[in-house]
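**Student:** Next up is a structure, given as structure tokens.
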Amino acid sequence: MNYDQLCRKICEIEDKYDLFHLTYNHVAYWKYARYYVYRVLLHKFFGIHTPWLENKSENDFIMQPHFTQKFTDPVFLNEDSPISRDILMFTFNRRSRQGEVYVSSVTDEISLNLELSNCIVEVPYNGGYYQPVPIKNIKYFDPWEGIGLDNGQKSYTPISRGTLRRQLLQIFEKELEISFTPEEKGILTTNINYFILYRQDLMANYHKVIQKANPKLVILTTSYIGEWIVLIELLKELKIPSIEILHGYVDDNYLPYNYKKQGMNDAQPDYIFVYSQLQKDQVNWGIPKDHIRVVGYPEGEKRSRELLAHPLKRSKKRITFISNMAQVMEKYLNALAENINLSEYEVLFKLHPNEYTCWKEIYKNLSQHVQVIDHNENDIHYYLANSDIVVGINSTALFEATFYPVDIYILQEDSYQNMNLLLKSGAATLVSDSPGLLSSIYENSAGKSSNNDIIFRKNSINNVNSEIERILGEVSFPSI
């Protein structure tokens, strides 16, 4: 199974077996299971880890000094005093430090520049909240508060591992000629049961926020994750339109946004804001193409202006590797660290945030000459702007690197196909092995020219506000 075949094969399987109508105790659960099955298969076939799915502990995160334990703002528990706003926006809650505050690169610049009245809400990230943040009057909301406690509170009976295998997993075992391990079946059963058991309770908690804000539309991210699927289902019932802000550069190899046919999944956002026309044209979206709106990337525009105006002085050239949680990255890092002139170059490895507490279990033999970045004390743009060379397999950060005068190299390993748009733009070079990377670094003194204008549409804040106004003119609004 090649990486670029997996997405297409899953789309064919879910269509062939009509998986979106597969039910257990009257719950159509494939919409919740889809992403989890995909992530398990990515690990099974290609060694791409998903630590949060593998039930890693939250304790390492909530002990950090900038982390506040999760809670729900009292305003959402008080039925009186509505705070009606035009827009209810849920942030992308993965944050990194910029100066004295922690910033969400996906949503903060948008929320700070919305022209209509708004209520900005943050949900917990790995058990807590990054603080302080640049958004005044941000509200905090834990959708799981009061759910799953030892109080007998269950909306439905859980699905057993055996039933899940008979109903769903055997289909993939047959079609892909694989066998799920007991551990994989346990991971999938646990994560799917959260939404079979507590879907109605989650929906009730979300409804409190909707009633309080009484919005004309809702903005969110990562619509393919179970909690947000439940919110979208509620919004569909209430006939409130939803907009997803993409949090990464996706194409037709990334399952969450690709379908064989439109309309298969009834719990997708009504609109999706994307980075470029290139991206809009490439993905096999599950919603009508005219509901995919090209807006650009506000944080990228802002940060590149700031960082390019104040470059740091460095004594060595810097090569920054961007992790996509694939163990194979270790061999490239070690080969480079062992063969490059370390008096001239330094090698950084910027981990994915989901690896911060477990990277030593994944990269067990990493060279001591590699500087590992396992914290969010600087944002990704800081590292991109202060690099000469950026290397990776599959990451939105490789697209973001086009904001800066750096050489970009894509390693030809499983999942590199997600970078096809970047390669087609001419902004990056594909290398097939460690010797090829080393020779390219030494020989490519001129570097690649960035074609950032076609990768990210410009004037993004104006585009966002214009598209919101346009959407509000396209829909009607019932009272809640």
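The values are calculated or read from the model by the stated rules, or taken from the named source; none is laboratory data. These figures come from a predicted structure and were not determined experimentally. As a convention, Cβ positions derive from the backbone with ideal geometry for all residues, glycine included, and neighbour counts pool all protein chains shown. The protein model used for the area step is the full one, side chains on, heavy atoms only, and it has no ligands, DNA or RNA in it. Shrake-Rupley method; radii C 1.70, N 1.55, O 1.52, S 1.80 Å.
**Student:** Note down the nm distance, to one decimal, between modelled labels 7 Å out along Cα→Cβ at ASP73 and at GLN368.
**Tutor:** Those two pseudo-labels are separated by 4.9 nm.
**Student:** Then there's this: Regarding the chain, what whole-number volume in Å³ per residue does the convex hull of its Cα atoms give? Show your work: numbers first, answer last.
**Tutor:** Values: hull volume 70.5 nm³, N = 480.
Per-residue hull volume (Cα only) is 147 Å³.
**Student:** Now, a different point. For the range 98-114 and the range 385-460, what is the separation of their Cα centres, given in Å?
**Tutor:** After rounding, the separation between the Cα centres reads 25 Å.
**Student:** Viscosity 1.306 mPa s, temperature 10 °C: give me the Stokes-Einstein translational D for the range 124-211 in µm²/s, with Rh taken as the Kirkwood radius over C-alpha pairs. All intermediate terms of the calculation are to be shown ahead of the outcome.
**Tutor:** Working: Rh = 15.9 Å.
Roughly 100 µm²/s, to the nearest whole number.
**Student:** Here's something else I'd like to know. If I compute solvent accessible area with a 1.4 Å probe over the protein chains, what percent of it on the chain is carbon and sulfur? Let's see the in-between values first.
**Tutor:** Working: 8790 of 19690 Å².
Answer for the chain: carbon and sulfur cover 45 percent of the accessible area.
**Student:** Follow-up. How would the range 230-271 be classified by its alpha-carbon gyration tensor: rounded, prolate or oblate, with rounded meaning a/c under 1.5 and the a/b versus b/c comparison settling the rest? Before the final figure, lay out each step's value.
**Tutor:** Values: a/c = 2.82, a/b = 1.59, b/c = 1.77.
Because a/c hits 1.5 or more and a/b fails to exceed b/c, the range 230-271 counts as oblate.
**Student:** Hey, can you rank 403-415, 374-386 by average C-beta count inside 10 Å, highest first?
**Tutor:** Numbers: 403-415: 21.6, 374-386: 18.7.
Descending mean neighbour count gives 403-415, 374-386.
**Student:** Treating the Cα atoms of the range 365-480 as identical point scatterers in vacuum, please give the log10 of the normalised Debye intensity I(q)/I(0) at q = 0.10 Å⁻¹, two decimals.
**Tutor:** -0.43
**Student:** Further question on the same structure: What distance in nm separates the simple spin-label points at ASN339 and LEU423, each placed 7 Å from Cα in the Cβ direction?
**Tutor:** Placing both labels 7 Å beyond Cα along the Cβ direction yields 2.0 nm.
**Student:** Would you calculate a helix-derived [θ] at 222 nm for the chain, using -39,500 (n - 2.57) for each DSSP H run of n ≥ 4 and dividing by the full residue count, to the nearest 500? Before the final figure, lay out each step's value.
**Tutor:** Working: 18 runs with 171 residues, N = 480.
Helix-only estimate at 222 nm: -10500 deg cm²/dmol.
**Student:** What net charge is computed for the residues neighbouring TRP228, neighbours being all others with C-beta under 12 Å from the C-beta of TRP228, Lys and Arg scored +1, Asp and Glu -1?
**Tutor:** On the way: positive: LYS31; negative: GLU227, GLU233, GLU244.
With Lys, Arg at +1 and Asp, Glu at -1, the net is -2.
**Student:** State in Å² the accessible area per residue of the range 345-480; use a 1.4 Å probe, count heavy atoms of protein chains only, and round to the nearest integer. Present the calculation step by step, with values, prior to reporting the outcome.
**Tutor:** Numbers: 5530 Å² over 136 residues.
Accessible area per residue: 41 Å².
**Student:** How much accessible area per residue does the range 208-286 have, counting only protein heavy atoms and a probe of 1.4 Å, in square angstrom? Write out the running numbers ahead of the final one.
**Tutor:** Numbers: 2280 Å² over 79 residues.
Here the residues of the range 208-286 average 29 Å² of exposed surface.
**Student:** Rounded to the nearest angstrom and ordered from largest down, what semi-axes does the equivalent ellipsoid of the range 335-382 get from its C-alpha gyration tensor (root of 5λ)? Present the calculation step by step, with values, prior to reporting the outcome.
**Tutor:** Details: eigenvalues 86, 47, 8 Å².
Taking √(5λ) for each Cα gyration eigenvalue gives 21, 15, 6 Å.
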